[in-house]
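Structure, as structure tokens:
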Amino acid sequence: FPFSDTSGCCDATPGGGHVVTLAIPSENDTERTSKVAYNHYSLLATIESAWKLGCLKFTCDTVNVKPMSDLVGQNG
């Protein structure tokens, strides 16, 4: 993937580039991965949802920007 690609995903532009995001839980937990295409707005939407905050700018586009719900919370 080219870092100069700003086409984005999830119908949210600007965007583009790949970013590794790691979260280390305080409890022993199994690894989680997702095949969903997220972007940095998804990460922000996840934080907003967890802390019950209002949405900011592109995270208000709830049709195209989804929180990373499959990667956070209780492991079922």
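Read-outs: derived from the displayed coordinates by stated rules, not from any lab. Keep in mind it's a predicted model, so treat the numbers as computed, not measured. Counting neighbours? That spans all protein chains shown, and the Cβs are built from the backbone with ideal geometry, glycine included.
In table form, for the structure just shown:
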quantity: Cβ-based net charge around Val36, under 9 Å, with every Lys or Arg adding one and every Asp or Glu removing one; calculated: +1
quantity: Under 20 Å from Lys35, Cα to Cα: lysines that are on another chain or at least 8 residues apart; calculated: Lys66
